[in-house]
Amino acid sequence: MLEYTIFEDNGFLIEEDGEIDKMAKTIAQINEKIRKGEVVVVTAEEIIDIVEEKGIKKAAQEVDVVTSATFGPMCSSGVFLNLGHSKPRIKLGGGKAYLNGVPVYTGLAAVDIYLGASALPEDDPRNRIYPGRFSYGGGHVIEDLVAGRDVKLVATSYGTDCYPRKNLETWININDLNEAILFNPRNASQNYNVAVNLSDKVIYTYMGMLRPRLGNANYSSAGQLSPLLNDPYYQTIGVGTRIFLGGGRRDRLRGLERHST
């Protein structure tokens with residue numbers, strides 16, 4: 001069953017051919033159609049074809065809600081995990097811990113850790129064997145967790161009277177954790193830079209290989225599906241906007257970051 005967020009009572013603006021018009025349909029009216037079960041809902045991909053066929057104004061009159069499920073994991077993405085206590089207890093704060101061989105940050109509380117998407121195993125050669133493979137890291141561990149796969153936890157600590165355990169080796173699963181919180185401070189970007197290579201030689205970057213003579217492009221953007229790109233005047237998106245992230249019911253944007261190049 002689809003669930004819809006009830007928005008605040010205000011209208012919205014629409015731009016076509018350089019002109020901005022106030023539309024007759026308000027969000028309050030859309031909310032009422034949601035309550036009555038009469039709302040017309042399409043996906044972000046579907047609305048593109050509808051607009052091309054009927055134009056922006058006609059599409060806005062016929063369609064009430066456009067769903068947008070875009071997500072671009074970026075280099076600052078990560079996840080906070082609360083593992084719960086072992087028996088006997090171990091204090092991970094100040095110790096060391098690894099998930100599937102990938103180091104996590106333990107400078108938090110007793111059983112809280114943070115895993116960054118760009119973290120690499122300590123024995124990974126990086127690009128010492130040029131240009132490197134980078135076959136497994138923090139982003140892959142997050143993918144394994146979200147997929148419900150078991151992940152191996154190895155931890156060491158200094159031990160105290162209240163946390164006597166100094167070593168822990170076990171398997172964890174996201175379904176057994178107290179908390180798993182995706183933390184993505186850079187994902188509220190309207191757009192991000194696109195990298196291309198105009199030279200005659202291959203360039204290896206932290207985002208991957210750039211082929212010579214515009215052979216490919218590396219970018220991070222949902223493009224025409226991006227809700228931020230499609231709301232350049234912040235008419236429906238802003239601080240306090242309800243969003244869904246990582247399967248959670250709702251969250252709120254604390255701020256928006258826009259890039260222009």
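Derivation of every value follows stated rules applied to the coordinates shown; laboratory data play no part. These numbers come from a predicted model, not from an experiment. Positions of Cβ are generated from backbone atoms using ideal geometry, with glycine treated the same way; all protein chains shown enter the neighbour counts.
Some points to look at:
- Taking every C-alpha pair closer than 8 Å and separated by at least 6 residues, the mean separation divided by the residue count of segment 78-183 gives a relative contact order of 35 percent.
- 3J(HN,Hα) along segment 95-100: x, 10, 8, 9, 10, 6 Hz, from the Karplus curve 6.51 cos²θ - 1.76 cosθ + 1.60 with θ = phi - 60°, whole Hz, x for Gly and Pro.
- Cross-link partners of residue 166 among lysines (Cα-Cα below 24 Å; sequence separation of 8 or more within a chain): 87, 91, 96, 152
- Cα-based shape type of segment 79-238, given that a ≥ b ≥ c are square roots of the gyration tensor eigenvalues and the cut on a/c is 1.5: oblate
- Ordering 146, 156, 171 by Cα displacement along the dipole of segment 91-180 toward the positive end leaves 156 in first place; charges were set at the Cβ atoms of Lys, Arg (+1) and Asp, Glu (-1).
- Residues whose amide H lies under 5 Å from that of residue 159, counting only those 5 or more places away or on a different chain, are 91; hydrogens are built 1.01 Å from N in the peptide plane.
- Residues in segment 106-112 carry Karplus couplings, in order, of 10, x, 10, 8, 5, 10, 9 Hz; the curve used is 6.51 cos²θ - 1.76 cosθ + 1.60 with θ = phi - 60°, and Gly or Pro positions show x.
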